[in-house]
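The next block holds one structure in the form of structure tokens; read it before the comments.
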Amino acid sequence: MTEKIVIALDVMSGESGAEASLSGANISLERNGNLYFHLFGDQATIEQHLTKLPKLSANSQIQHSDFVVPMDMKPRQALRKGRKVSSMWQAINSVQENHAGGAVSAGNTGALMAMATICLRTLRRIDRTAIAAIWPTRIGETIVLDMGANLHVSAENLIDFGFMGAAMSRVIFGIKTPKVGILNIGEEEIKGNEDLKTAATIFREAKMPLEYIGFVEGDGISKGLADVVVTEGFAGNIALKTAEGTARQISQLLKDAFNSNWRSKLAYLLLAPSLKIMRQKMDPNNSNGGVFLGLRGIVVKCHGSSNALGFAHAIDLTARMIKNDLVNEIRKDLDIFYKDPMSEEIKATSISSEVGK
């Protein structure tokens, strides 16, 4: 018998609220019959939607919460007002208390990160949590981190991000030895700041289950040069938003072009099947779910505008990470590396760079 996977869902979060999150949970349940949900939010609203979703209703339980963290609330304020009582905190806390294997929310990113870090705490030897996103490429998918949790990071943080991303790649994609690269302004070894160069040297020499391929430029992400691309949150978030904006721009330009005259409309009819495949690859809902790596539990952030399919993808992703024990995979890699004397070089470099600032 397949073991049950329990997921805590912050039902009221995001712009679409309960309808999108519960419909997404139902889609994921159809794909993964061993899922069970703890639903956090307004009980009356949830029960109303569950009348249309009998299978989800039979595989879930509700915990009522009156407080939903607003999307524009600052993290400190969210902690003060929503700690213990909000649907977001309660979903995360269910992971901390081992009632659920992971939590999913489309709520306020800053508040979710703050609550997750305080409630779950970081793994031993990790001092910065990173947001990892799955990025569609020409040949498959790549994990990119950090996507916005940390504006500036040290060489030690970049190394930790690489190990966490590699563990996620093994768990999600089944890649035994993931290719890891560092996002930089050029592929040459002389490019970049000292933290990037130090991290590159240590990646190159570390005896870990990964293959370091060197520096990767921005276009190298979409080419799929690496299975994992490591960067600081400032650059990572800009890269992500630029890619999403470019995808929307291309989609609109194609739409305008095919509507320009009758010949273009005829061409669209001939190209429709291929364009459908392209739209699916470019749709952010098909790669939805930012994973908070470095915590002692699994927390996944959906886009605030996620539809049902976006929630389903994030829940599918969460289920795979729970099933394959992502947190312990990361913990084992960190233990292996930090028992190596070479890890002292990272700490020494990190300390000296902080003193010099």
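The values are calculated or read from the model by the stated rules, or taken from the named source; none is laboratory data. All figures in this text were calculated on a predicted structure; none of them were measured in a lab. All Cβ positions, glycine included, derive from the backbone under ideal geometry; neighbour counts span all protein chains shown.
Among residues of the stretch 163-189 that are within 17 Å of Arg320 (Cα to Cα), those with a beta-carbon under 6 Å from a residue that is polar (S, T, N, Q) and not in a loop (DSSP other than H, G, I, E, B) at least six positions away or on a different chain give the pairs Ile175/Ser169. Among the residues of the stretch 98-116, write down those that are touching a strand residue (DSSP E or B) at 6+ places or on another chain (Cβ under 7 Å) and surrounded by fewer than 20 Cβ atoms within 10 Å (Cβ to Cβ). Hit for the stretch 98-116 is His99, nothing else.
Residues that are farther than 20 Å from Met321 by Cβ and among the small types (Gly, Ala, Ser) were ranked within the stretch 15-37; the one that is surrounded by the most Cβ atoms within 10 Å (Cβ to Cβ) is Ala20. Kindly check whether there is at least one residue in the stretch 19-29 that is in contact with a helix residue (DSSP H, G or I) (Cβ under 9 Å, 6 or more places away or on another chain) and assigned to a loop (DSSP other than H, G, I, E, B). There is no residue in the stretch 19-29 that is in contact with a helix residue (DSSP H, G or I) (Cβ under 9 Å, 6 or more places away or on another chain) and assigned to a loop (DSSP other than H, G, I, E, B). Only helices (runs of 4 or more DSSP H) whose full extent lies in the stretch 40-100 are considered here, and the ones with at least 2 residues that are at pLDDT below 95 and in contact with a Gly (Cβ under 8 Å, 6 or more places away or on another chain) are 75-82. The set of residues in the stretch 151-206 being among the aromatic types (Phe, Trp, Tyr) and more than 21 Å from the chain's Cα centre (by Cα) consists of Phe203 alone.
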